[in-house]
Amino acid sequence: MSEQSPITVEIKGISKQFVLRHTRSIKEALIWFLKGRKGDLSAKFHALRDVSMEIRQGETVALLGFNGSGKSTLLKHISGVMTPDEGTVRTRGRVAGLIEVGAGFHPDLSGRDNVYLNAAILGMSEAQIKERFDSIVEFAEIGEFIDTEVRFYSSGMYLRLAFSVAVHSDPEVFLVDEILAVGDEPFQKKCLDKIQELVDAGQTLVVVSHDLDLVQRVCSRGILLEHGRVVKDGPSHEVVEFLRARTK
Amino acid sequence: MTSLADTPLVRPGIGQGLKDVFRRRYLLKLLVRKEIKLRYRGSVLGVLWSYVKPAIQFVVFYIAMGVFLGLNRDVGNYAVYLFSGIVLINFFTEALNNAAKSIVYNSGLIKKIFLPRELFPVASVFVSAAHFFPQLVVLLVGCFLTGWRPTPLGLAAGFAGFLVLAMLSVGLGLFFSSVNVYFRDSENFVEMMLMVATWVSPVMYQWHMVHERLGDFWFGVYQANPVTVAVELFHYAFWSTTAGGDAALAAPPQLFELWLPVALVVSAAVLALGQFTFRKLEIKFAQEL
Ligand SMILES: Nc1ncnc2c1ncn2[C@@H]1O[C@H](COP(=O)(O)OP(=O)(O)O)[C@@H](O)[C@H]1O
Ligand SMILES: [Mg+2]
């Protein structure tokens, strides 16, 4: 993680405004237009404001902040789900991860079908999926339930399978949004070990988590967001301390 | 690890439109397969249903329209005439209806994971093509039972008709699915448009009736609709050799020399417009859904 490691995520002065649209029909928009565009058809607010950061290969970064501070929005900009109004985001290599547990899982399909579909969604090729399939199932500890429809899974099984697929997609930049705290203790430990293994192999990790102890354990760097701005960026234990002091 | 330094920094979320769909064709295949699987889930007869339903429809047409209503007197082998147009319109209707809803329907995924969003409307058209296949089989059985003879030009016409509508469906699907994110009214608009489509094309009646009433100029306008040309191509392909004395009226003049190229150009233009609109609007899909 030296200065020489290549930059994997480069964010330069991005801002994002959201429109709180009040209408979804042509009729209402037309009436508003005919009335001379008066009033607020839409109110705007900044979810991200002039955010900049550079993340290098092998870094483990935690995004911290209260609800609504813009953490998920920032992750979505890194993954490409959203694009900024101003500024630029650039990434190197494949970016993937878990923004939400089971996005892309279909309850009426078997675990097997879901693994294939989800892995392809995360950008794996057919050959890669075939090669890693057994390992995915084994890591998730799903066993013979792999051919059962996913709607019969317990929430733990669901989470394990989703996490296992994501972690096996082996991206250069791995994004995780508030899911590490969901599983039971042994599985959480297993996930953290796996993440550590990937980081040691040169993967970049960006996580959002409310579990401050876990953050200090897993991440070396912390970035604190407040109302869409970066207010602190430094070693994770310092940022966590800062945040704790602030909460009091 | 040195290899990563050699890959360039790129802006995420900027795709290449339909080119990306081709690049991610394995995912496209899985998405199509998923929809087909879900459709037949929990049904005993499963796929058989998609043969039984059109077969019954064909028999009803044959008896009720051809024999009882006596439409066979005006249009030889009316059942095949009607059915060949209807299966094509069925394909178009299903493809466009589902494509128009596809982005909103898949919002859960689009909001969370980046992938080429064009995949969804395109997958809808592929799924409809898969549902079209059994209807085509029923049509062919009906054709053979009524003395159909396949010709190379006829088969080419059938293929061209299908291609025109597939292109049109993808183009309109891209357009309406992206507009639908902002204005949910567009779903209803599409349904209305599709209702009209059956009647502004010679599905129930014959093209020369339109020509007689409208004259050359307005008939030209009527023919500029790719759906009309596609239906006429299907009549040429599947009905003309079974029609007896009416065969001469199977296709309007210059169907291949003029109207097919016009239909291809119009469909391609709609496809380009659909792609253009989609790319303009997709940038904000994740926040608007
Ligand atoms: N698509 C959207 N449209 C409008 N507002 C949004 C949208 N997504 C998020 N927001 C708002 O943006 C702010 C930041 O949200 P988010 O990034 O999810 O915060 P966090 O993950 O830090 O809790 C919140 O106020 C949220 O309500
Ligand atoms: Mg969040």
**OP:** Pop a pseudo-label 7 angstrom from the Cα along the beta-carbon direction at both B:Ser107 and A:Asp213 and give the gap in nm to one decimal.
**Re:** 3.9
**OP:** Counting helices only, and only those DSSP H runs with n ≥ 4, report the 222 nm mean residue ellipticity of chain A as the sum of -39,500 (n - 2.57) divided by its residues, in deg cm²/dmol to the nearest 500.
**Re:** -11500 deg cm²/dmol
Subject >> Paramagnetic reach from B:Val47 (point 7 Å along Cα→Cβ, amide N under 11 Å) across the stretch A:87-116 >> reply: none
Original post:
From the phi of every residue in the stretch A:217-223, what ³J(HN,Hα) in whole Hz does the Karplus formula 6.51 cos²θ - 1.76 cosθ + 1.60 yield, where θ is phi - 60° and glycine or proline is x?
Top reply: 6, 8, 10, 8, 10, x, 10
Original post:
When chain A is treated as a GNM, springs tying every alpha-carbon pair under 10 Å, which of A:Ala162, A:Ala29, A:Ala201 comes out with the largest mean-square fluctuation?
Top reply: A:Ala29
Original post:
Cα-based count: Lys pairs in the stretch A:7-247 below 27 Å, eight or more positions apart or different chains?
Top reply: 27
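What translational diffusion coefficient, to the nearest whole µm²/s, does the protein assembly as shown have by Stokes-Einstein, given a Kirkwood radius computed over alpha-carbon pairs, a temperature of 4 °C and 1.567 mPa s viscosity?
Details: Rh = 26.3 Å.
This corresponds to a translational diffusion coefficient of 49 µm²/s.
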Original post:
Taking chain B as a Gaussian network, where each spring joins two C-alpha atoms under 10 Å apart, which residue of B:Tyr62, B:Tyr222, B:Tyr26 fluctuates the most?
Top reply: B:Tyr26
Original post:
Given the rule -39500 (n - 2.57) for each run of at least 4 DSSP H residues, summed and divided by the residues of chain B, what is its mean residue ellipticity at 222 nm, to the nearest 500 deg cm²/dmol?
Top reply: -22000 deg cm²/dmol
**OP:** Please give every one of the lysines within straight-line cross-link reach of B:Lys101, meaning a C-alpha to C-alpha distance under 16 Å, and leave out same-chain neighbours fewer than 8 residues apart.
**Re:** B:Lys111
**OP:** Compute the FRET efficiency between A:Glu131 and A:Ile7 as 1/(1 + (r/R0)^6), taking r as their Cβ-Cβ distance and R0 = 25 Å, and round to the nearest 0.05.
**Re:** 0.25
Subject >> Helix A:236-247 axis, angle to chain A major axis (alpha carbon atoms, nearest 10°) >> reply: 50
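With a sphere of radius 14 Å drawn around the Cβ of B:Asp20, what net charge do the other residues whose Cβ falls strictly inside it have (Lys, Arg +1; Asp, Glu -1)?
Around B:Asp20, the charge tally is +4.
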Original post:
With axes computed from alpha carbons, what is the tilt in degrees of helix A:155-168 against the longest principal axis of chain A, rounded to the nearest 10 within 0 to 90?
Top reply: 90
Subject >> Folded to 0 to 90 degrees: helix A:111-121 orientation relative to chain A principal axis, Cα >> reply: 50
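Laboratory data are not the source of any read-out in this text; all were calculated from the coordinates shown. Just so we're clear, the structure is a prediction, and the values are computed from it rather than from any experiment. We place every Cβ from the backbone using ideal geometry, glycine too, and count neighbours over all the protein chains shown.
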